[in-house]
Every structure is written in structure tokens, then in C-alpha cells.
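Asks: Right, I'll just put the structure down here and ask away after.
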Amino acid sequence: MKNRSKQITMIGTGYVGLVSGVCFAKQGFSVKCVDIIPEKIEAINSAQPPIYEKGLDELLKEMVSTEMLKGTINTEEAILNSDVAFICVGTPSKESGEMDTVWIESAARDIGKALKKKDEYFVVTAKSTIVPGTTDSVITPILEAESGKEAGKDFGIAFCPEFLREGNAIEDFLKPDRVVIGAIDERSYETVRELFDWVPKETPILKTDLRTAEMIKYGANSFLATKISFINTISNMCEALGVKDVYDVAEGIGLDFRISPYFLRAGAGFGGSCFPKDVKAIIAAAKKANYDPLLLNSVIEVNKRQPLRLISMCKDVIGNDLSGKQFAILGLAFKPDTDDIREAPSIIVIDELLKNNATIKAYDPEAMDNMKQLFGEKVQFTESKEAALRDTDVCIIVTNWKEFTELQPNDVKTLMKTPIVIDGRKTVDAETFLNAGVTYRRIGLKK
């Protein structure tokens, strides 16, 4: 491991801050991870990740044991002993869909107060997903007011968006398909650029202004969300028009090099901390600027309705009265290899079943503790997929964890009262289940 001279501070220890921190440390940078929650910092310094992310456990242990990464609640100390700070705090949605900047503002104030005492040149780099103009209009003025210094003269400003997929975040950071750096001046850019001198030579590093970099992040997430809602719309049309399988249609579409097969998997819709929040935020920002983004409005509306397709399929099979029926929900996280349930389709499915007076048993390899905080005793959480399936009327697969792909027809025929599987993610092979006498329905598959 190469020891580098630059020292880095990460403000915020969620998926972006902690993953980026351990990966920078892996590249030889000394990293301080700052958070306002002491319990999270204690966990980090004990090499216990406060979040689940594939590979994070091992990498955090390595970086803590080599003292390349440390957690702290002292922002000032971290700033005074580093060269660059990345703001990685959350940007939640308000009820209106607008981005809430409360944590961004708090982080900027804390950094600004520390900058007031710092003599050396320092670059503040936002990494949180923020609406174009936020670095200019929110972060920079607060930094200048709190520090009494001038951006571009006394300290640098940059925006470096993250493109990390939860469940693959470490791999995405260490093997990026591009690095985008927006900066107010050349010195700010070069300082941040130096932090990425380890990326492969073929990796594009795009130099932009701040607002362009901010918009690239929103544009990328909005396009990916659009692809998902697009293929889900095609899927629903396939069912209505009697087309055999939307996955065959998607394969033919994805072979077009202009389109590609990625994000053309029909299913229960997208969730997580990025797509729903970010698309809503850029819609709100556009409307505030007197532009109505009709396409993105439709992306959100399609996604909002998509999980309910699973309920419709249940009613097609067992009738409209779900009262007293027992359901097994397999998969609670919004996607496999994470414990994140934010905007997860499973929440909509469970809510709708409870409204219909159904009873629910649920299982997920990682996300059950988070889901318990939402539903408590309204849902029976089980220790295994087998326990969830036992004596139930219908199984709904919402998240395609690997262990669910190993589910066999005999499992459901033996454990369930009635072998009915509603598959929201093409998790198992339809032909295998249908040939074994299981009642199997999947989004985008002809009845």
C-alpha cells in the first residue's frame, strides 16, 4: 500500500461516506470519518460497519487495524489535520419532493468554523447528491460566512459526484467507469484530481464546472430510473397484449448498442436512497424554474404503481378477498446485497396486504432489523425463507437475493398450504415451477 501525503476527511458515514473513506484509505490516504452520532463512530473504530455493504466488513477491519482510517465526532480536529474534506451527508426529500439541505448546511457550517483556524490551503468537496446550484448558492456562502475567507482565494471548492451501486459500492469505487470533478478553479480541480491518480489510465476523468457536475449526477440517475420505468411499462403492455415474456423482448431491445441491456429488467420497481429521491428532487427543482418535466413525472408515477402489480397478480390467482390469507414475503431490501429499505417496493406490498387484512411472514438475509422499525409486530419476521414459507397461502418474492434463486418447486409444495409463487424479479425459472405443478406468476410473463 502506497502512503500518500494528502489527508482526507469524510463528513458523514453513510453508504457514500464510509465506503469512499475505506476505499481512499485502501489507496494509501490517511482518512478521518466524521459523524455526529457517537455510536456510529464507536462502531467504526471497533471495525464494525454501522451499515451492511458487501465486502465492507473485511476492508474496514483492514483499514482500522493499519490506522489508515479513524472515526471521530470532532469536525474541527479532522479539518485542521487534513487537506481535503468530502461532504457526504444525506439530502432527504421534503414532502414537496424538494431536496432538504439541512444536513448540507450543518456540515458547511462546521467546516467553515474549522477553516477559520486553518492556515493551509484546503479544498471542500461536496459528494452528496445536490441539485445544480447548491454548491454555489448554499455551501460556498456558508463556508465564507463562517470562516471569514474567500472561496477561490483562501480555499478551494469542488463537486465530485459518486456513482456507487449499493451492493457493489466498493468495487464501483475501486474500479470506476468515470470520475467527474467540478471545480471553481484549476487549483481546486488539481487537488481533487490528485486523489484519483490511482485509477486505471483508461478511466475517463471529466473536468467540469460545479453545476455541470451536479447535473451529471442527476442526469445519470434520472436516465437509469427512466429505463426501469420504461421496461416496466413495456412489461405491463406485454401482459395486456398476450406477449409471452417481457425478458425476451428486453433482450432484443438491449442488443441495440445504443440502448444496452442494463436496467432493462422488468420487476417490482426501483427503490433505495438515490433514484426515487433524486428524480423527485430534480423534478421539484425544474418546476421551481418554471419547467414541467413530463417524462420524469411519468417515471415516478409508473414506479409508484409497479409494486401493486404483485397484489393484482395475487388477486387474479386467489380472488379479491385477501382477508385472513397468509403471505410469505421473501426480500425486504430494495435490492440484494444491502440492508437498505428506503423506498423499497416491499414496503408498498406489505402496506397493501395489511390494508386487505392479510397476515404476513417475512424474511430477508440483511434488512429485517430495519423493516421491524417500520412494521413492528404487524409482520412476523422469520429466521429463514423456509420458516417464512411454512403454512402460507401465497409467496411473493420482492428481492432477488441469491438464496432465493435456489428455491425449488418442492420447497414451496412441501412447506406451503397452497404452492402459489408471485415472482417480482424473475428470481426462479418459470418453466421449472410451472412444470412441477406450482401456480407461478411473474411480472411480464404471459398467464
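Asks: Going by the conditions given, is Ile422 outside any helix (DSSP H, G or I), aliphatic (A, V, I, L, M) and under 24 Å from Glu239 (Cβ atoms)?
Replies: It is true that Ile422 is outside any helix (DSSP H, G or I), aliphatic (A, V, I, L, M) and under 24 Å from Glu239 (Cβ atoms).
Asks: Also, I was wondering about something else. Which pairs turn up if I take residues in region 282-303 that are part of a loop (DSSP other than H, G, I, E, B) and look for partners that are among the small types (Gly, Ala, Ser) with beta carbon separation below 7 Å, at least 6 apart in sequence or on another chain?
Replies: Final answer for the pair search is Pro293/Ala286.
Asks: Looking at (1) within 29 Å of Ala213 (Cα to Cα); (2) part of a helix (DSSP H, G or I), which is the one condition that is false for Tyr247?
Replies: (1)
Asks: Oh, and also: On the given criteria, is Ala107 under 29 Å from Asp337 (Cβ atoms), surrounded by 16 or more Cβ atoms within 10 Å (Cβ to Cβ), touching a residue at least 60 places away in the same chain (Cβ under 8 Å) and assigned by TED's automatic domain parsing to the domain that holds Lys149?
Replies: Yes; evaluated as a whole, the condition is true for this residue.
Asks: Got a sec? Which of Glu62, Glu42, Glu67 is part of a loop (DSSP other than H, G, I, E, B) and either assigned by TED's automatic domain parsing to the domain that holds Leu332 or acidic (Asp, Glu) (or both)?
Replies: Glu67
Asks: Select, from Val379, Val398, the only residue that is more than 18 Å from Ala268 (Cα to Cα) and of a type in the set (Val, Ile, Thr).
Replies: Val379
Asks: Hey, does region 236-248 have a residue that's under 27 Å from Asp340 (Cβ atoms) and either in contact with a Leu (Cβ under 7 Å, 6 or more places away or on another chain) or not β-branched (Val, Ile, Thr) (or both)?
Replies: yes
Asks: Could you list all residues from region 390-406 that are part of a loop (DSSP other than H, G, I, E, B) and in contact with an Asp or Glu (Cβ under 8 Å, 6 or more places away or on another chain)?
Replies: Of everything in region 390-406, those that are part of a loop (DSSP other than H, G, I, E, B) and in contact with an Asp or Glu (Cβ under 8 Å, 6 or more places away or on another chain) turn out to be Thr399, Trp401.
Asks: List the pairs whose first member sits in region 119-141 and is free of Cβ contacts under 8 Å to residues at least 12 places away in the same chain, whose second member is not in a strand (DSSP E or B), and whose Cβ atoms are under 9 Å apart, counting only residues at least 6 apart or on separate chains?
Replies: Pro141/Ala108
Asks: For region 48-70, which residues satisfy the criterion of being in contact with a Ser or Thr (Cβ under 7 Å, 6 or more places away or on another chain) and either within 22 Å of Ala114 (Cβ to Cβ) or hydrophobic (A, V, I, L, M, F, W, C) (or both)?
Replies: Met68
Asks: Right, something else. Read through the list (1) assigned to a loop (DSSP other than H, G, I, E, B); (2) over 28 Å from the mean Cα position of the chain (by Cα), then give the number of the only condition that Thr432 fails.
Replies: Every listed condition holds for Thr432 apart from (1).
Asks: Sticking with this structure for a sec: Can you pull out every residue in region 306-338 that is in contact (Cβ under 8 Å) with a residue 24 or more places away in the chain and in a helix (DSSP H, G or I)?
Replies: Those that are in contact (Cβ under 8 Å) with a residue 24 or more places away in the chain and in a helix (DSSP H, G or I): Leu308, Arg309, Leu310, Ile311, Met313, Cys314, Asp316, Val317, Ile318.
Asks: Which ones in region 409-434 are without any contact (Cβ under 8 Å) to a residue 12 or more places away in the chain and of a type in the set (S, T, N, Q)?
Replies: Once the filter is applied, which keeps residues that are without any contact (Cβ under 8 Å) to a residue 12 or more places away in the chain and of a type in the set (S, T, N, Q), region 409-434 yields only Thr414.
Asks: Still on this structure, I have one more. So the check is Cβ under 6 Å with 6+ separation or different chains; which pairs have a first residue in region 250-274 that's under 28 Å from Met99 (Cβ atoms) and in the same structural domain as Ser229 (by TED's automatic domain parsing) and a second one that's surrounded by 21 or more Cβ atoms within 10 Å (Cβ to Cβ) and of a type in the set (Phe, Trp, Tyr)?
Replies: Note: pairs meeting the criteria are Gly271/Phe334; Gly272/Phe334.
Asks: Met10: under 24 Å from the mean Cα position of the chain (by Cα) and farther than 20 Å from Val123 by Cα, yes or no?
Replies: no
Asks: Report, by residue number, each residue of region 330-352 that is surrounded by 24 or more Cβ atoms within 10 Å (Cβ to Cβ) and under 19 Å from Leu389 (Cα atoms).
Replies: Scanning region 330-352 gives Leu330, Gly331, Leu332, Ala333, Ser346, Val349, Ile350.
Asks: Checking the structure you have, find out if any residue of region 407-418 is at pLDDT 95 or above, farther than 17 Å from Cys314 by Cα and assigned to a loop (DSSP other than H, G, I, E, B).
Replies: Yes, because at least one residue in region 407-418 is at pLDDT 95 or above, farther than 17 Å from Cys314 by Cα and assigned to a loop (DSSP other than H, G, I, E, B).
Asks: Being among the acidic types (Asp, Glu) and buried (at least 16 other Cβ atoms within 10 Å of the Cβ) narrows it down to one residue among Glu42, Glu53, Glu67, Glu58; which is it?
Replies: Glu53
The values are calculated or read from the model by the stated rules, or taken from the named source; none is laboratory data. In this text the structure is predicted, and so the values were computed from the model without any measurement. Every residue, glycine among them, receives a Cβ derived from its backbone with ideal geometry; neighbour counts consider all protein chains shown.
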